[in-house]
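One structure below.
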Amino acid sequence: MIDSVFQNESERLAAFPVSAESIFLGHAGVTALPRSVADAVIDYTAQSATRHQEFGEVLKRITRARKTCADLIGASSDEIALLGPTSLGLSLFANGLEWAEGDEVVCYRDDYPANVYPWQNLARHGVNVRYLHPEEPGAITPELVHSALTPRTRLVALASCHFLSGFRIDIDAIGKTVHDAGALFSLDAIQTLGAFPTRVDHVDFLSADSHKWLLGPLTAGIVYVKKSHFEKLRPSLLGAWNVISPNFVAQSEITFPDTAQRYEPGVLNVAGIFGMVAAIKMLQSVGIENVAVRILELKAQIVAGVESLGCSIHGPREGMHASGITTFYHPEVPTGKIAAALEANSITASHRHDRSGREFIRLSPHFYNTPAEIERVIEVLSTTIRS
């Protein structure tokens, strides 16, 4: 299926111009924009030079954007706020709930900091933050979560996939476990949304910017709040857009819309949202399930190649917990040397560290990458490691 998306290499390069300049394997970091996404941003920006930025169909397109995002995660349009970055949504969740001293939040200290600090900050309200301690980095299972729950647990905050090890959690199973205990489930979905099916059937809150696997612009994202929690999660940022103000006249009482617009305090990143919508539609035209299959095929090729060179892989190699992230190091060759060689050969990867200070190379291909590109990466690694 994926191989039929592009008729030839010229068409692939036209759709993803970055591929003409480099082998881009940095989608777990900040993506390069597909041509169609850049065009959507450029088109809106160009039109905004000849009229005001909410011209004509803009607000109607924003309404349609909510539905596009809702369809992607299995939500309803009125549960979608169009906000980025991911940390903004997570902070809205942490700051919008009413906490009591002695309440507990369960999270993972070695998650990406954006999904740690908002919860850690609740300690000033007397909230007890309980950290999970998986046997392997990021390996958070329903059993591990269950063992951390107590009658005081109010919320569990996890990432759909660990940014370093690439461990992809079982969202549905963990969500059921959390809900069976009477707690709420918050999901940082930025490392799976756009790469793997990511639904909110058993999720209360979700936040994900579009600048990674969704192949969209920076600070354009999806914030999901289950409608039944609107009164429970009070908006902590207020403005003229999310507080009902007839004719822009401030009222004596604060009243919010009955949709997730209540979490959007002011004007939106319209250019970014239009780019994000273009990216989502492109991915949906390919099929997220097909995207996931191709990503895992490329991962298998990477795993086989780096292991043949004596590298140690940090995280799952295959199976239900595997993702598009493959992180590794060589026990004898400095990671900095490998990173420099990749960069010198126009290969975009990520140089990362864990809490102990160990250095890693992280490769994260997307569906438009090719087996030939991966072969070239392995060739460069081989030359570098054996030199």
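The values are calculated or read from the model by the stated rules, or taken from the named source; none is laboratory data. In this text the structure is predicted, and so the values were computed from the model without any measurement. Because the Cβ atoms are built from the backbone with ideal geometry, glycine has one as well, and the counts that use them run over all protein chains shown. The accessibility values were calculated without ligands, DNA or RNA, using every heavy atom of the protein model including side chains. Shrake-Rupley method; radii C 1.70, N 1.55, O 1.52, S 1.80 Å.
Tabulated data
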{"quantity": "Pair list, Cβ under 6 Å, 6 or more apart: the range 209-226 residue more than 17 Å from T348 (Cβ to Cβ), other residue polar (S, T, N, Q)", "calculated": "D209/T86; G216/S210; T219/N269; A220/S210; A220/N269; G221/S210; V223/S207"}
{"quantity": "Leading residue by the ranking (modelled with the lowest pLDDT) among those in the range 1-37 that are within 20 Å of E297 (Cα to Cα) and of a type in the set (D, E, K, R)", "calculated": "D3"}
{"quantity": "Filter pass, L298 being open to solvent by less than 20 Å² (accessible area, probe 1.4 Å), over 21 Å from L381 (Cα atoms), assigned to a helix (DSSP H, G or I) and modelled with pLDDT of 95 or more", "calculated": "no"}
{"quantity": "Scan of the range 218-229 for residues that are in contact with a Phe, Trp or Tyr (Cβ under 9 Å, 6 or more places away or on another chain) and part of a loop (DSSP other than H, G, I, E, B), ordered by number", "calculated": "A220, K226"}
{"quantity": "Hits in the range 172-185 - residues which are open to solvent by less than 20 Å² (accessible area, probe 1.4 Å) and either within 16 Å of S323 (Cα to Cα) or of a type in the set (V, I, T) (or both)", "calculated": "I174, V178"}
{"quantity": "Residue in the range 356-374 that is open to solvent by less than 60 Å² (accessible area, probe 1.4 Å) and either touching a Cys at 6+ places or on another chain (Cβ under 9 Å) or free of Cβ contacts under 8 Å to residues at least 12 places away in the same chain (or both) present", "calculated": "yes"}
{"quantity": "When residues of the range 319-335 are limited to those that are assigned to a loop (DSSP other than H, G, I, E, B) and in contact with a helix residue (DSSP H, G or I) (Cβ under 7 Å, 6 or more places away or on another chain), the one farthest from S160 (Cα to Cα)", "calculated": "V333"}
{"quantity": "Selection within the range 53-111 - closer than 19 Å to D201 by Cα, open to solvent by 30 Å² or more (accessible area, probe 1.4 Å), among the hydroxyl-bearing types (S, T, Y) and outside any loop (DSSP other than H, G, I, E, B)", "calculated": "S77"}
{"quantity": "Matching residues, the range 240-257, being more than 16 Å from F230 (Cα to Cα) and surrounded by fewer than 14 Cβ atoms within 10 Å (Cβ to Cβ)", "calculated": "A240, P246, N247, F248, V249, A250, Q251, S252, E253"}
{"quantity": "Count of residues meeting criterion [surrounded by fewer than 21 Cβ atoms within 10 Å (Cβ to Cβ) and among the β-branched types (V, I, T)] in the range 1-42", "calculated": "5"}
{"quantity": "Some residue of the range 127-146 being open to solvent by 30 Å² or more (accessible area, probe 1.4 Å), in contact with a Gly (Cβ under 9 Å, 6 or more places away or on another chain) and in a loop (DSSP other than H, G, I, E, B)", "calculated": "yes"}
{"quantity": "Condition check for V306: at negative phi and open to solvent by less than 10 Å² (accessible area, probe 1.4 Å)", "calculated": "yes"}
{"quantity": "In the range 321-346, the residues that are in contact (Cβ under 8 Å) with a residue 12 or more places away in the chain, of a type in the set (A, V, I, L, M, F, W, C) and open to solvent by 10 Å² or more (accessible area, probe 1.4 Å)", "calculated": "V333, A339, A341"}
